[in-house]
Amino acid sequence: MKSTSTSTGTSTAERCSHDRNSAGKTRPVERYQRIVEHFEEIARANRNQYFHVADLSRIAGINQRTLSRAFREVHGVGPYRYLQYLRLSEVKRLLLSAEDRTITQVAMQYGFRELGKFGVLYRKLFGESPSETRRRKQSAQACSPYDVSLVPSEVEESHSES
């Protein structure tokens with residue numbers, strides 16, 4: 001290809017190379033978005049059961065490494081962290097609902113076996129302990145369980161996996 005200079009100082013070859021690189025980057029981003037959306041759909045459909053990322057990626061037919069790359073590109077966190085947020089949100093929804101189950105029972109249902117770690121994660125995400133959520137529910141029975149967001153809109157980098 002003949003390299004000619006334009007008024008901006010870039011050669012035709014450089015512009016074509018840049019255009020190819022730009023076009024190549026949008027396709028993986030769109031592909032990653034579709035992968036993440038598909039995984040999120042599977043995860044939400046199975047949110048009442050405890051699954052590992054490997055289980056859900058197998059159900060979704062997505063390679064785990066590709067899934068991890070896609071999540072980091074789209075959300076800035078890995079799929080494990082996303083599932084953790086989803087499970088914690090479900091716990092909060094149940095604690096705010098009319099169900100009369102203990103915090104331990106609800107936490108265990110969603111795969112939180114270490115209750116101390118569960119309490120730390122819950123407080124970090126929602127700014128209150130699970131028992132404070134339960135007390136708030138008891139003092140304000142009119143609260144809707146649908147006010148709980150599934151995943152925080154912005155996730156701090158400190159939450160990303162190591």
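Assorted remarks:
- Selection status of Val120, under 21 Å from His52 (Cβ atoms) and crowded, with 18+ Cβ neighbours inside 10 Å: no
- Pairs where the first residue, in the stretch 33-52, is within 23 Å of Leu94 (Cβ to Cβ) and aliphatic (A, V, I, L, M) and the second is part of a helix (DSSP H, G or I) and modelled with pLDDT of 90 or more, C-beta under 8 Å, 6+ apart: Ala43/Tyr82; Ala43/Leu83; Ala43/Leu86
- Every condition in (1) surrounded by fewer than 17 Cβ atoms within 10 Å (Cβ to Cβ); (2) modelled with pLDDT of 90 or more; (3) over 13 Å from the mean Cα position of the chain (by Cα) holds for Asn46 except the one numbered (2).
- Taken as a whole, the structure places Val77 among residues that are surrounded by 15 or more Cβ atoms within 10 Å (Cβ to Cβ), of a type in the set (A, V, I, L, M) and outside any helix (DSSP H, G or I).
The values are calculated or read from the model by the stated rules, or taken from the named source; none is laboratory data. Note that the structure is a prediction, hence the values are computed from the model and not measured. Please note: Cβ atoms are built from the backbone with ideal geometry, for glycine as well, and neighbour counts cover all protein chains shown.
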